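The structure appears right after this line, and notes come after that.
The values are calculated or read from the model by the stated rules, or taken from the named source; none is laboratory data. Bear in mind the structure is a predicted one, so any value in this text is a computation, not a measurement. Here the Cβ is made from the backbone with ideal geometry for all residues, glycine too, and neighbour counts use every protein chain on show. Heavy atoms of the whole protein, side chains included, go into the accessibility calculation; ligands, DNA and RNA do not. Shrake-Rupley method; radii C 1.70, N 1.55, O 1.52, S 1.80 Å.
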Amino acid sequence: MQWKIPLSDIDFGLEEQAAVQTVLQSKWLTMGGVTEEFERDFAAYVGAKHAIAVTNATAGLHLACVAAGIGNGDEAILPSLTFVATANAVRYTGATPIFADIVGADDLNVSVHAIEKLITPRTRALLVVHYGGYACDMPSIMELARERGLKVIEDAAHAAGSDLGGVHLGTWGDVGVYSFFSNKNMTTGEGGMLVTNDDAHAQKIRLLRSHGMTSLTWDRHKGHAWSYDVVDLGYNYRIDEIRSALGKVQLAKLPANNERRRHLTQVYRDVLHELALDVTIPFARHAGTSAAHLLPALLPSGTDRPAFMEAMKAQGIQTSIHYPPIHTFTAFREGANVSLPITEEIAAREVTLPLYPMMTDEDVWTVSKAITQALVPA
Ligand SMILES: Cc1ncc(COP(=O)(O)O)c(C=O)c1O
C-alpha cells in the first residue's frame, strides 16, 4: 500500500550509509569498539552511569527483570495498555504480570493508586511504561517503590530524549530500557539499550547479555584474554557493530527530531481545535519534556473505529492502535479475571495518527481534514 501519509518514517541519510560502510570495511561486525562508543554516547546523553546495548528492547526488559531479581512465584505490576513485550519479559522469568489500570483520558500512563492496591507480599517490581514518550508520575512511583521495597524498571521504549524535572526518563528507576525498533524516534532496525546507575545491576546485565561469559570475543581479539569461564545462565542478546554505528548517527539526530515531533504535536492540537473536531489528544497537561513518539487520539464514544480507520485509509492516511490491552489477549486471559475499566474504555477509542520529523505542518492539516471526512462518512 502506497500511503499519502504513513504512520511513521525514518530519518536516514548519507551519514547512516557512511557509518555502516566504515564498519563493513573494518570487517569487525560483532559487538566491539563501535558498540562501546555507542554505549558511552548514550550514557552521556541520558545522564546514566552505565548503558548496555542489546539486540532489542524485549531482550533488554528480560535482562532488566533478571537483574531486578524477578523470578518464579514473584509478581510484577505493569500497565495493560502497552506492547506485549513488557508483559512477556516478566513471564520469561517465571513471574506473573499483574495489570494495573491507567490514570484516565488525558494521562494514558499507569495509575500509582491502581498500582498501590495491587501490591501483595509476592510483588517484587513495578514495570512502568512512558506511553508515547510522556512521563509517568515518577516521583510518586519511586516513593511508593522505596516504601514497599520494590524495584522499578522503566520501559522507556518510547522515551529516548524525554525528561521529567530535568531527569531523563529511563534513569529514574533501577533500570531503564529503550527500543531502537524501526518505528522508534531513533532506530537501528532492531536494537535496544539498558541504562542503570547501579554497578551491580550493570555488571550482571553485561554478563547475561553474552552467555554469562567472563570475556568476550572482542576482548580476546584485542589480546586481553585467551579463554573464559561461564559463571551464570546467560543469553545471546548482543547487538552488532552495524547497528551500533547506525545508533551513534541516529542519537546525534535525536534532539532536533524530537523537537520537531513536539512542534508537530502542538500543530495537531491547534488544528483539531480550529476545525472543532470531537477528537482529543491525550497528555494536554503532561509534565516534563516528551519524546513525542506517538500521536494518540481519542475518538468520540460510540465511533465505529474500524470504519474510521478504513475511511482514513481510503484517503491515503495510515493509522494504528496503541494498544489492544494485554489482559484481553488469548495468551493472557486464562486464569486472570482482570477488569481494567479505564484501560478498556480508552483503548477502545484510541487511534494513532501519523507523526514523524519529516512531516510538514501542511501534512497535519491533511490528516486533520481527513479526520473530518472519516468521522462523518459521506
Ligand atoms: C512499550 C514497548 N515496550 C517494549 C517494546 C519492545 O521493543 P523491541 O521491539 O525493541 O523489542 C516496544 C516495541 O515496540 C514497545 O513499544
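Pull up all non-local amide H partners of Ile321: gap of 5 or more, or a different chain, and H-to-H distance under 5 Å with H placed in the peptide plane.
Here Thr352 satisfy the definition.
Could you do me a favour and compute the accessible area per residue for the range 1-41, 1.4 Å probe, result in Å²?
Numbers: 2710 Å² over 41 residues.
That works out to 66 Å² per residue.
Could you tell me how many degrees, from 0 to 90 and to the nearest 10, lie between the Cα long axis of helix 305-314 and the main elongation axis, the longest principal axis, of the Cα atoms of the chain?
So the helix axis and the longest Cα principal axis differ by about 90 degrees.
On average, how much accessible surface per residue is there in the range 201-275, in Å², for a 1.4 Å probe, leaving out ligands, DNA and RNA?
Values: 3850 Å² over 75 residues.
Accessible surface, normalised per residue, equals 51 Å².
Hey, any idea what % of the chain's accessible area is carbon plus sulfur with a 1.4 Å probe? Display every interim value, and only then the final one.
Values: 8540 of 16100 Å².
Exposed carbon and sulfur together represent 53 percent of the surface.
Name the shape class, rounded, prolate or oblate, that the alpha-carbon gyration tensor gives for the range 81-137, where a ≥ b ≥ c are the square roots of its eigenvalues, rounded holds for a/c under 1.5, and otherwise prolate holds if a/b is larger than b/c and oblate otherwise. Walk me through the intermediate numbers first.
Working: a/c = 2.45, a/b = 1.35, b/c = 1.82.
Here the range 81-137 falls in the oblate category.
Can you classify the chain as rounded, prolate or oblate using the Cα gyration tensor, where a ≥ b ≥ c are the square roots of its eigenvalues, rounded means a/c under 1.5, and otherwise it's prolate if a/b beats b/c and oblate if not?
Working: a/c = 2.06, a/b = 1.30, b/c = 1.59.
Oblate shape, in that a/c is at least 1.5 and b/c is the bigger or equal ratio.
Whole-Hz ³J(HN,Hα) for each residue in the range 165-175, computed from phi via Karplus 6.51 cos²θ - 1.76 cosθ + 1.60 with θ = phi - 60°, x for glycine and proline: what do you get?
Going residue by residue, I get x, x, 9, 4, 5, x, 10, 7, x, 6, 9 Hz, with x marking Gly and Pro.
I'd like the FRET efficiency for Trp226 and Asp9, computed as 1/(1 + (r/R0)^6) with the beta carbon distance as r and R0 of 51 Å, rounded to 0.05.
On the way: r = 47 Å, r/R0 = 0.92.
Once the sixth-power term is evaluated, E becomes 0.60.
For helix 14-26, report the angle its Cα long axis makes with the longest principal axis of the Cα atoms of the chain; keep it between 0 and 90° and round to the nearest 10°.
Tilt relative to the chain: about 20 degrees.
Mean-square fluctuation check for the chain, GNM, Cα pairs under 10 Å: which of Pro306, Pro357, Pro255 is largest?
Comparing Pro306, Pro357, Pro255 in the GNM, the peak value goes to Pro306.
Take the chain, connect every pair of alpha-carbon atoms lying under 10 Å apart with a spring to form a Gaussian network, then pick out the residue of Gly192, Gly170, Gly47 with the largest mean-square fluctuation.
Highest fluctuation of the listed residues: Gly47.
Over the range 56-126, average the accessible area per residue using a 1.4 Å probe and give it in Å², no decimals.
Numbers: 2340 Å² over 71 residues.
That works out to 33 Å² for each residue.
Just to confirm the filter: which chymotrypsin sites (Phe, Trp or Tyr not before Pro) across the range 96-149 are DSSP coil and have at most 13 other Cβ within 10 angstrom of their Cβ?
Of the chymotrypsin sites (Phe, Trp or Tyr not before Pro), not one in the loops of the range 96-149 has a Cβ with at most 13 other Cβ atoms within 10 Å.
What chymotrypsin sites (Phe, Trp or Tyr not before Pro) does the range 305-378 have in DSSP loop regions with at most 15 other beta carbons within 10 Å? Show your work: numbers first, answer last.
Working: sites: Phe308, Phe329, Phe332, Trp365; in loops: Phe329.
Listed in order of number, the matching sites are Phe329.
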